[in-house]
Amino acid sequence: MIRAPSERSERMRCGSRLLGLVVALAGLARCASHPPPNPPAGSGLSPPAAAALLRAPDRLEDADAVLLALEDRRAFDEPALAAAARSPDPRIRARAALALGRIGDERASRLLAGSLADPDPGVRAAAAFASGILGEPALTANLTPLLGDPDSAVASRAAWSLGILEGEASEAALVAAIPGARTPELRAAFLRALWHFPTPRAASTAMVDAASPEPAVRAAALYALARRPQESSRAVLTLGLSDSDLDTAIACARGLGVLGNPGSLEALSAAMFGPRAPAVVWALTAARAILEKNPSAALAPATGARLLALSGDADPNLAIPALALLRWFPADREVFRRLWAVAGTGRGGRRAVALEALMGALGEKAEPLADAAISGADPFLRASAAESLSLLPEADASARRERLASDPEIVVRLKVLEGLKTPADARNSRAVVDALLKDSDPGIRAAAIEALALGGDPAALRGIHDAVVGSYGDAAPDVGIEAIDVASKRPESAEARAIAEAAYRHPSPLVSRLARRALVRVFRAGGDEFPLREYSTGKTSADYAALAEEARRPADVRIDTERGAFTIRLAGSEAPLTVTNFRKLARTAYFDGARIHRVVPGYVVQDGDPGGTGNGGPGYEIRDEINTLSYGAGTVGMALAGPDTGGSQWFVTMRPQPQLDGAYTAFGQVVEGMDVVNRIEQGDRILGVRVGRESR
């Protein structure tokens with residue numbers, strides 16, 4: 001189940017998952033009848049041979065091939081990694097540091113600690129970045145002194161990783177370092193890292209620079225205040241709506257939406273009349289978020305005319321959020337006509353949003369419109385109706401959910417579950433959830449697990465545990481991943497730990513590794529009790545050398561859509577496994593004809609699921625290749641449902657999204673046709689993806 005990047009959460013789907021469960025431990029057998037995971041598959045390279053190669057490599061590429069093999073297998077081959085970390089070539093030492101972070105074994109902390117003290121600043125910077133990827137809190141003490149490193153790149157990377165680690169000591173180190181930052185750029189880097197800490201201390205620290213005359217410093221301070229906002233920051237964020245820096249204004253609008261205070265609606269309404277379209281998009285989006293949280297709140301009547309005009313705009317980033325906001329003007333005859341026309345004859349995302357707006361505005365009076373969509377031939381329109389059923393009275397919604405739960409199309413059944421917005425929705429539809437927990441599609445069973453947790457039924461953990469065991473024969477890892485996520489919300493529960501242990505025994509190395517991560521980090525199990533499994537890839541070091549060489553050849557990819565074409569330049573040096581996989585899929589026409597299943601206005605366009613559900617993939621997963629490429633406008637990244645869950649779904653950012661840096665593999669950049677990307681609407685088709693001539 002590919003769930004990211006999401007505006008609710010950059011790493012995993014959020015939401016109120018109120019387990020609140022008490023289940024007898026005896027009712028949750030810990031899979032004693034199932035064998036433990038297979039022993040580690042091994043790296044395919046004997047440690048002495050790998051170490052010898054890395055002690056005296058002929059070329060950087062030779063070392064890179066060995067390290068790439070270890071990364072792909074997630075193999076902690078300590079002799080080889082230690083030899084690379086001690087290489088006389090600083091480029092190899094830096095590459096080794098990155099590998100230590102990517103492999104994801106806590107034992108790497110010892111080697112990374114040494115790399116953080118390397119005499120070469122490039123190695124220290126690589127090690128600082130890798131420390132954030134690894135995520136081991138023990139490295140906080142090693143990173144903190146680097147905030148004063150004479151090399152600014154090292155200090156900036158250390159600040160980024162301290163933010164990722166999110167501990168009290170990390171926050172204290174950043175707060176202490178900000179006043180003494182020797183350049184505005186460093187001060188901005190330290191401030192930006194504060195967004196990870198939703199605390200009064202972090203907010204008061206950022207507030208000092210929220211009106212700084214230095215544009216980079218002011219932008220970083222407002223970004224830190226906006227990403228995880230507090231009520232004390234609302235006045236400053238309101239002023240930030242008119243900041244001269246467009247992306248800062250966007251961040252402030254988003255932050256006000258997250259806060260959800262109706263007192264911000266007046267300022268956001270004024271911003272809807274502004275001249276900068278991207279800022280208008282986020283003012284619209286934030287206003288909707290506030291109205292959904294506050295049913296009695298309302299926009300000023302004069303705003304309706306502006307929304308009506310925007311809803312017909314050729315730019316879908318403006319039109320779609322404006323259509324959604326028209327829901328709060330049901331008494332306006334022109335608004336009603338516009339929504340009815342778009343819901344009846346529109347296409348793609350516009351039609352779905354108009355249908356949802358009408359259902360929300362009309363309540364039970366919208367039943368004929370909902371029934372027409374439910375009975376229609378278009379599965380995506382049926383899916384939109386299914387997701388919007390919570391807007392109808394519960395008695396009317398329940399009967400329609402039961403009907404749609406047996407729809408032959410996966411996307412419809414999935415949206416039935418995603419349409420359960422509240423614990424009451426999930427409880428009232430328990431029969432539907434139970435039925436879909438036995439669905440043939442693993443993605444739907446995973447969504448049913450999420451619904452079970454949302455409903456808070458005392459028997460939910462038993463059902464989730466049984467679903468994990470029942471998924472041992474699945475090719476897809478969805479059920480195990482979702483179950484681990486749900487279990488991790490209950491760190492004190494023995495029953496939740498039993499779910500994680502069942503997932504650890506899953507035949508999939510991916511699920512087993514994610515479960516082991518939860519057992520060690522959430523349930524405080526000993527690492528030796530649960531050995532970390534490796535992947536078996538069947539490749540030799542020579543295969544990886546050839547793969548890396550191919551990936552490094554410059555290549556552009558042309559993507560033809562119904563709206564026009566855009567071109568991506570692949571970043572093979574930074575993400576060779578990801579680029580090789582993307583090229584392979586493109587050459588086999590895997591993407592051709594697929595619907596673009598997800599467009600979030602002003603944020604991302606996402607594709608790569610031929611089924612158009614957002615739930616599909618190629619039948620395998622690839623390893624993350626987290627790198628230092630930043631997510632600016634037009635950056636191409638690999639969508640995930642958790643660490644190492646990429647496959648075929650990719651996304652393009654519409655505006656800079658620094659919160660995605662280091663969270664998703666960036667593997668390309670749009671170099672031509674960004675205007676086309678910004679015109680794409682949900683439901684549009686990919687006509688073809690073609691890899692251009694690859695120079696040697």
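The values are calculated or read from the model by the stated rules, or taken from the named source; none is laboratory data. Treat the numbers as computed from the prediction; the structure is a model and nothing was measured. Cβ atoms come from the backbone with ideal geometry, glycine included; neighbour counts cover every protein chain shown. Remember, those area values only see protein heavy atoms, side chains included, never the ligands or the DNA or RNA. Shrake-Rupley method; radii C 1.70, N 1.55, O 1.52, S 1.80 Å.
Ordering of 91-97, 562-568, 611-617 by packing is 91-97, 611-617, 562-568, highest average first (other Cβ atoms within 10 Å, averaged per residue). From the Kirkwood radius over Cα pairs of the stretch 623-679, Stokes-Einstein at 10 °C and 1.306 mPa s returns a whole-number translational diffusion coefficient of 138 µm²/s. Straight-line cross-link reach from residue 489 at under 19 Å between alpha-carbon atoms covers these lysines, not counting any fewer than eight positions away in the same chain: 421.
How would you classify the stretch 559-692 from its alpha-carbon gyration tensor, with a ≥ b ≥ c the square roots of the eigenvalues: rounded for a/c under 1.5, else prolate if a/b is greater than b/c, otherwise oblate? It comes out rounded by the Cα gyration axes. With a Förster radius of 30 Å applied to the beta-carbon distance between residue 375 and residue 334, the computed FRET efficiency rounds to 0.60.
Loop-resident chymotrypsin sites (Phe, Trp or Tyr not before Pro) (DSSP state other than H, G, I, E or B) in the stretch 615-660 with no more than 14 further Cβ atoms inside 10 Å of their Cβ: 620. The mean sequence distance of close C-alpha pairs (under 8 Å, at least 6 residues apart), as a share of the length of the chain, puts its relative contact order at 13 percent.
From most to least packed by mean Cβ count within 10 Å, the peptides 308-314, 244-250 give 244-250, 308-314.
In a fully extended conformation the segment linking residue 399 and residue 277 would gain 39.8 nm over its present Cα-Cα distance, using 0.36 nm per residue.
Taken as entire DSSP H runs, the helices of the chain that both span 24 Å or more between Cα atoms along their own long axis and average -1.0 or more on the Kyte-Doolittle scale are 277-293. On the basis of the beta-carbon distance and an R0 of 56 Å, residue 475 and residue 62 show a calculated FRET efficiency of 0.95. Given their separation in residues at 0.36 nm each and the Cα-Cα distance between them, residue 208 and residue 294 gain 27.9 nm when the chain is fully extended.
Using the Cβ of residue 445 as centre and a radius below 9 Å, the other residues enclosed give a net charge of -4, where K and R count +1 and D and E count -1. Size descriptors for the chain, from the alpha-carbon set: Rg then Dmax equal 25.3, 78 Å. Put simply, the amide H of residue 636, placed in the peptide plane, has neighbours under 5 Å in 667, 668, 669, 670, leaving out anything fewer than 5 places away on its chain. Think of a 1.4 Å ball rolled over the protein heavy atoms: the chain then has 38 Å² of accessible area per residue. Annotation for residue 587 and residue 230: the two label points, set 7 Å from Cα along the Cα-Cβ direction, are 5.4 nm apart. The stretch 293-331 to the stretch 84-102: how many Å between their Cα centroids? Going from one Cα centre to the other spans 53 Å. Ranked by the mean number of other Cβ atoms within 10 Å of their residues, highest first, the peptides 319-326, 254-261, 150-157 fall in the order 319-326, 254-261, 150-157.
Computed over Cα pairs, the Kirkwood radius of the stretch 128-211 leads via Stokes-Einstein (1.567 mPa s, 4 °C) to a diffusion coefficient of 105 µm² per second.
Note on residue 674 and residue 110: the extension gain reaches 198.7 nm, defined as 0.36 nm multiplied by sequence separation minus the Cα-Cα distance.
What whole number of Å gives the distance from the Cα centroid of the stretch 549-603 to the Cα centroid of the stretch 357-377? Going from one Cα centre to the other spans 37 Å. Here the mean projected area of the convex hull built on the C-alpha positions of the stretch 311-412 is 6.1 nm². Of the solvent-accessible surface of the chain, computed with a 1.4 Å probe over protein heavy atoms with every protein chain present, carbon and sulfur atoms account for 55 percent.
Here the Kirkwood formula, the inverse mean of 1/r across different C-alpha pairs, assigns the stretch 407-534 a hydrodynamic radius of 14.6 Å. Reducing the stretch 437-488 and the stretch 123-142 to their Cα centroids gives an inter-centroid distance of 34 Å.
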